[in-house]
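Before any comments, here is the structure.
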Amino acid sequence: MLRVVVLVSGGGTNLQAILGAIDDGTIANAEIVGVISNNRKAYALERAKDHGIFARCVSPKDYGSREEFNGKLLEAVDELRPDLIVLAGFLVVIPEMMIRRYRNRMINIHPSLIPAFCGTGYYGLKVHEAALARGVKVVGATVHFVDEGTDTGPIILQKAVEVHTGDTPEILQRRVMEQAEWKILPEAINLIANKKVSVVNNLAVIQS
Ligand code: GAR
């Protein structure tokens, strides 16, 4: 069983998609052993608890410095002995030590087709605002391994979604979640849990 720890900051719809996929067997050979949020009010924490999953908050507000917070976050993650860390809307800069320790064992869902609309400043609704402002006709989502850059790690899965006339950032965000994020994030976890993903020359390779 792959031990999965999910890091969240907000609503937790991606967490919900993972929980549902484990329950209905879409994800095999994986279990969520804990959910950690940087934000005490994150609804994702309730979703985890409702599912009987260990959930806790590690907030930077509770510590005197960023270094101290980074240390506590890593400690909280390590305690759960994860095989895989999933960043599911986790809006915190990942400490370098954590990136090194969990290289190719930490994945992120980003709400665009990387390398479009990604990197510093592109998160949540801002991604969809930027896509609409640019007038692109196709958007989407990406699951990738986490490396030292922002949204630069090996790409595991991507899925495209159409932009419709009259879309608002909120409508587009919802469509990208429904048609792409909630599908490819569980799919990526299932592939990893069943040893179908390897990283070769800094590129993710998927076995069929
Ligand atoms: C999702 O759209 C996710 O792709 C995005 O935050 C949202 C979290 O929603 N993540 C990023 O923008 C990371 N750069 P959720 O809490 O309902 O899963």
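Residue-wise test of (1) in contact with a Pro (Cβ under 8 Å, 6 or more places away or on another chain); (2) free of Cβ contacts under 8 Å to residues at least 24 places away in the same chain.
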| residue | (1), (2) |
| --- | --- |
| Arg47 | no, no |
| Phe54 | no, no |
| Gly64 | no, yes |
| Glu67 | no, yes |
| Leu74 | yes, no |
| Asp78 | no, yes |
| Asp83 | no, no |
| Tyr102 | yes, no |
### Query
When you go through (1) within 16 Å of the ligand (Cβ to nearest atom); (2) within 26 Å of Asn194 (Cα to Cα); (3) open to solvent by 30 Å² or more (accessible area, probe 1.4 Å); (4) assigned to a loop (DSSP other than H, G, I, E, B) one by one for Arg103, which number turns out not to apply?
(1)
### Message
Quick check on Leu15: is it in contact (Cβ under 8 Å) with a residue 24 or more places away in the chain, crowded, with 22+ Cβ neighbours inside 10 Å and within 24 Å of Ile184 (Cβ to Cβ)?
### Response
yes
### Task
Determine which member of the set Leu157, Leu132 is open to solvent by 40 Å² or more (accessible area, probe 1.4 Å) and of a type outside the set (Val, Ile, Thr).
Leu132
### Message
For the range 62-84, check the following and say yes or no: at least one residue is in contact with a Phe, Trp or Tyr (Cβ under 9 Å, 6 or more places away or on another chain) and open to solvent by 70 Å² or more (accessible area, probe 1.4 Å).
### Response
yes
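The values are calculated or read from the model by the stated rules, or taken from the named source; none is laboratory data. Bear in mind the structure is a predicted one, so any value in this text is a computation, not a measurement. Neighbour counts run over all protein chains shown; Cβ positions are idealised from the backbone, glycine included. SASA here: full protein model, heavy atoms, side chains in, ligands and nucleic acids out. Shrake-Rupley method; radii C 1.70, N 1.55, O 1.52, S 1.80 Å.
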